[in-house]
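**Student:** Below you'll find the structure I mean.
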Amino acid sequence: MARIDVICPTFNRSTAILPTIESVLAQSVEDWTLLVVSDGSTDDTDDVVRGIGDPRVRLLRVRRCGSPGGPRNAGLAAARAPYVAYLDHDDRWDPEHLAVLLGHLGPDAPLVATGCERVEPDGHSVDRSGLLDSVWHPELQALNAMYEPSRVGHVRELVAGGCRWSRQAVGFEDWDLWFRLAERGTDVTVAAERTALLTLHPGSRRHTFGARHGVGLALLDDAERAHRVRLRLSGPGLRAELEERYLTDMHGWFEALSASPRLIRPRWARVEDIMAALRDRVAAGSSGSFLSTLAVVAAPGGHALALPTG
């Protein structure tokens with residue numbers, strides 16, 4: 001029996017799936033099984049997978065679900081190894097990825113995430129995981145969609161029964177599952193090694209979902225007033241002040257979290273180190289300016305300013 005099963009959901013990927021599969025074949029750990037779950041593909045994807053010629057690569061075909069959750073659940077039902085890892089069909093792994101996961105997975109670390117690098121289809125690096133990616137707490141999990149499936153491995157029985165992948169085609173099914181596991185008391189062990197290579201492109205689901213869900217922040221009596229408030233909040237005039245308030249609030253939050261036994265962070269990382277990394281991220285424009293994404297939506301009693309979440 002394999003030591004770890006890899007679940008790769010796919011749909012109409014054809015030969016473009018080969019680099020993903022090849023990154024599994026190149027793993028330094030050899031006792032794995034790759035379960036490629038075809039979500040009702042209508043092209044030659046199934047034939048491409050069957051033609052791999054390695055008995056550790058298995059094709060499972062399921063009825064079309066339309067989201068990765070269904071195929072991942074099918075893969076879990078077929079898995080037999082004590083551990084499971086996930087790999088999306090447009091991502092790849094460093095040869096040491098499974099070795100890093102297996103070096104941590106066990107009774108005291110049932111859920112593990114590695115570091116990553118995000119790249120464009122031409123290989124241009126967009127960003128790489130760092131200190132902020134290595135800091136985890138259930139409250140932080142509620143705030144952000146940590147972590148992408150291609151970075152994650154877990155004890156197989158952890159995701160079973162009533163705690164399985166959502167089949168809803170609304171996106172963020174990974175965030176949903178990790179959040180529910182956190183509510184059940186499962187903490188994430190974070191490995192700093194950047195062993196997952198995540199491809200970002202216009203066809204990725206993370207770029208094709210519209211803002212169908214959000215968090216309401218304020219209710220105003222008419223649409224014109226709501227739009228004026230949105231423009232003022234998202235404009236450059238208030239940006240610096242709002243970012244400083246954001247950093248002050250986050251500092252207090254991390255100080256409070258530092259007393260929690262569930263806060264996961266590198267042993268060397270102090271609150272000051274975390275805040276320095278967060279300040280760098282804010283300066284780069286990738287945090288602290290979420291108000292620029294505010295939307296005005298019709299709501300009972302008027303129009304709401306909402307922060308889109310998916």
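**Student:** Run the quick spin-label model on T248 and D108: label points 7 Å from Cα toward the beta carbon, then report their separation in nm to one decimal.
**Tutor:** Using points 7 Å along Cα→Cβ, the separation is 4.1 nm.
**Student:** Here is a further query. For the chain, set up a GNM with springs between Cα atoms under 10 Å and report which of A276, A192, A299 has the largest fluctuation.
**Tutor:** A299
**Student:** Right, next: Take E241, E148 and sort them by solvent-accessible surface of the protein heavy atoms, 1.4 Å probe, largest at the top.
**Tutor:** These residues rank, largest area first, as E241, E148.
**Student:** Then there's this: Around V119, which amide H atoms from residues at least 5 apart in sequence, or from another chain, sit under 5 Å from its own amide H, with H modelled in the peptide plane?
**Tutor:** Close amide H contacts, sequence-distant or interchain: V126, L198, T199, L200.
**Student:** Each residue of segment 35-43 in order: what ³J(HN,Hα) in whole Hz does its phi give by Karplus 6.51 cos²θ - 1.76 cosθ + 1.60, θ = phi - 60°, with x for Gly and Pro?
**Tutor:** 9, 8, 9, 7, 7, x, 4, 10, 9
**Student:** Trypsin sites (Lys or Arg not before Pro), restricted to segment 68-174: which are DSSP loop and have at most 13 other Cβ atoms within 10 Å?
**Tutor:** Counting only loop positions with at most 13 other Cβ atoms within 10 Å, the trypsin sites (Lys or Arg not before Pro) in segment 68-174 are R80.
**Student:** Hey, another quick one. For the chain, what is the charge dipole size about the Cα centre, in debye to the nearest 20, if Lys and Arg each add +1 at the Cβ and Asp and Glu each add -1 at the Cβ? All intermediate terms of the calculation are to be shown ahead of the outcome.
**Tutor:** Values: 35 positive and 41 negative charges, 138 e Å.
Roughly 660 debye, rounded to the nearest 20.
**Student:** Here are several values of semi-axes √(5λ) of the Cα gyration tensor in Å: (1) 36, 20, 18; (2) 36, 24, 18; (3) 36, 28, 20. Which one was derived from the coordinates shown?
**Tutor:** (2)
**Student:** Quote the accessible area belonging to H124 in square angstrom, nearest 10, computed with a 1.4 Å probe and with ligands, DNA and RNA left uncounted.
**Tutor:** Per-residue accessible area (H124): approximately 110 Å².
**Student:** Something else now. As an exercise, use a Förster radius of 35 Å and the Cβ-Cβ distance of E241 and A192 to find the FRET efficiency, rounded to the nearest 0.05. Could you put the intermediate results ahead of the total?
**Tutor:** Numbers: r = 34 Å, r/R0 = 0.98.
Between E241 and A192 the formula returns 0.55.
**Student:** Just to confirm my numbers, what's the Cα centroid distance between segment 32-63 and segment 79-93 in Å?
**Tutor:** Answer, in whole Å: 13.
**Student:** When Lys and Arg each count +1 and Asp and Glu each count -1, what net charge do the other residues less than 10 Å away from E193, Cβ to Cβ, add up to? Don't jump to the answer; show the numbers that get you there.
**Tutor:** Details: positive: R194; negative: D94, E96.
So the environment of E193 carries a net charge of -1.
**Student:** Using helices alone, I'd like the mean residue ellipticity at 222 nm for the chain: each DSSP H run of four-plus residues gives -39500 (n - 2.57), total over residue count, nearest 500.
**Tutor:** Values: 10 runs with 100 residues, N = 310.
Taken over the chain, the calculation gives -9500 deg cm²/dmol.
**Student:** In addition: Within the set of other residues whose C-beta is less than 10 Å from the C-beta of A113, count the net charge using Lys and Arg as +1 and Asp and Glu as -1. Intermediate results must be reported in sequence, preceding the final value.
**Tutor:** Details: positive: R151; negative: D133, E148.
Neighbourhood net charge equals -1.
**Student:** Averaging sequence separations of C-alpha pairs under 8 Å and six or more residues apart, then dividing by the length of the chain, give the relative contact order as a whole percent.
**Tutor:** Values: 564 pairs, mean separation 56.6, N = 310.
RCO, the chain: 18 percent.
**Student:** Could you check which residue among V282, V190, V112 shows the biggest mean-square fluctuation in a GNM of the chain with a 10 Å Cα cutoff?
**Tutor:** V282
**Student:** I would also like to ask the following. Who wins for biggest fluctuation among P71, P82, P107 in a Gaussian network model of the chain, springs between alpha carbons below 10 Å?
**Tutor:** P107
The values are calculated or read from the model by the stated rules, or taken from the named source; none is laboratory data. The structure presented is a predicted model; accordingly, all values stated were derived computationally and were not measured. Cβ: placed from backbone, ideal geometry, glycine included. Neighbour counts: every protein chain shown. SASA here: full protein model, heavy atoms, side chains in, ligands and nucleic acids out. Shrake-Rupley method; radii C 1.70, N 1.55, O 1.52, S 1.80 Å.
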